[in-house]
1. Between residue 80 and residue 53, 0.36 nm times their residue separation minus their Cα-Cα distance comes to what?
2. Note the full-extension length gain between residue 28 and residue 10 as 0.36 nm times their separation in residues minus their Cα-Cα distance, in nm to one decimal.
3. What full-extension length gain, to one decimal in nm, is calculated for residue 66 and residue 102 as 0.36 nm per residue of separation minus the Cα-Cα distance?
4. With the Cα gyration tensor of the stretch 32-83 giving a ≥ b ≥ c as the square roots of its eigenvalues, does the rule (a/c under 1.5 for rounded; else a/b larger than b/c for prolate; else oblate) give rounded, prolate or oblate?
5. For Rg and Dmax of the Cα atoms in Å, one of (i) 15.7, 57; (ii) 14.7, 46; (iii) 15.2, 54 was computed from the structure I shared and the rest are decoys. Which label?
């Protein structure tokens, strides 16, 4: 069980190599559970050129939805990472069938 901090949607985050914005959170019923995924857009503009993409990030299966808040007042949900490759493949297919994204990534948690 891991904590996922819900970041503010539609707020651009800028770094030295580009920027991104999270635009949507979705709770997707999947195999008797709920998977949480986020949609975002990224733009890259560095010394090697410019580009961008739309993507989905899957923090994991929801264990509790916005059950706490952190010091900044952001909601915290508890998630279980999707580690099974067959489940990742099926979730990737489902998300790409619902959303216009170039890639679907699964959150990696290191302990």
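1. Taking residue 80 through residue 53 to full extension adds about 7.1 nm, to one decimal.
2. Full extension from residue 28 to residue 10 adds 4.4 nm.
3. 10.2 nm
4. oblate
5. After the calculation, the listed value that fits is (ii).
Readers should treat all values here as calculations from the given coordinates under stated rules, not as data from a laboratory. All values derive from a computational prediction rather than experimental measurement.
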